[in-house]
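S.K.: Attaching a single structure in structure tokens format; questions to follow.
The values are calculated or read from the model by the stated rules, or taken from the named source; none is laboratory data. Values in this document were obtained by computation on a predicted structure and should not be read as measured data. Note that each Cβ is placed from the backbone with ideal geometry, even for glycine, and that neighbours are counted across all protein chains shown.
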Amino acid sequence: MRRLSPETFDELCPSSMLPIRMQNKWAPLLMRVLGEGPQPFSELRRALPRTSAKELTRALRSLDRDGFITRAADPGSVGYGLTPLGQSLLVMLLDVYDWTAEHWDELVDARERADRAEQAQASATS
């Protein structure tokens, strides 16, 4: 493996602009929903029922700010759609989704092992 240069994590390096830095857990899911075509806010809420309107709005603003989606206001409704930049990122996200599905059992097993170890350690110290 190649050694990282000291500038790798400089404020202006490409790593700091990495789109997967999406600090909102709903952002990738929103992109996946918007990959099916433009959607009004109400449809996005229906597609992601576990999120609040506030969380959804925060994720949409973040994606808009980063250039992944556009917000189009038609008379009477507001809709959201992917930009070409968002569509190009979605291609990679779909690969990540496929990888996750392929390794789902391994990921769940690893998380359950870690949770059991954490519980055992907490029990031992109490």
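S.K.: Take region 100-126 and flag every residue that is more than 23 Å from the chain's Cα centre (by Cα) and either among the basic types (Lys, Arg) or not in a helix (DSSP H, G or I) (or both).
M.R.: Selection gives Arg113, Arg116, Ser126.
S.K.: Name every residue in region 49-65 that is under 17 Å from Leu82 (Cα atoms) and out of contact with any Gly (no Cβ under 9 Å at 6 or more places or on another chain), in order of residue number.
M.R.: Matches in region 49-65: Leu56, Thr57, Arg58, Ala59, Leu60, Arg61, Ser62, Asp64, Arg65.
S.K.: I'd like to check something: does region 86-107 contain any residue that is among the hydrophobic types (A, V, I, L, M, F, W, C), in contact with a Leu (Cβ under 9 Å, 6 or more places away or on another chain), within 30 Å of Pro40 (Cα to Cα) and surrounded by 10 or more Cβ atoms within 10 Å (Cβ to Cβ)?
M.R.: Of all residues in region 86-107, those among the hydrophobic types (A, V, I, L, M, F, W, C) come to 89-94, 96, 99, 101, 104, 107.
With the extra rule that they be in contact with a Leu (Cβ under 9 Å, 6 or more places away or on another chain), the set shrinks to 89-90.
Filter once more, keeping what is within 30 Å of Pro40 (Cα to Cα): 89-90.
Applying the additional criterion that residues be surrounded by 10 or more Cβ atoms within 10 Å (Cβ to Cβ) yields 89-90.
Yes; the residues of region 86-107 include at least one that is among the hydrophobic types (A, V, I, L, M, F, W, C), in contact with a Leu (Cβ under 9 Å, 6 or more places away or on another chain), within 30 Å of Pro40 (Cα to Cα) and surrounded by 10 or more Cβ atoms within 10 Å (Cβ to Cβ).
S.K.: Out of Tyr80, Tyr97, which single residue is touching a residue at least 24 places away in the same chain (Cβ under 8 Å) and not in a strand (DSSP E or B)?
M.R.: Tyr97
S.K.: Let me confirm something: among Pro49, Pro40, which residue is surrounded by 12 or more Cβ atoms within 10 Å (Cβ to Cβ) and at pLDDT 90 or above?
M.R.: When all the criteria are applied, what remains is Pro40.
S.K.: Filtering region 33-56 down to residues that are part of a helix (DSSP H, G or I) and within 14 Å of the chain's Cα centre (by Cα), which residue is nearest to Tyr97 (Cα to Cα)?
M.R.: Val33
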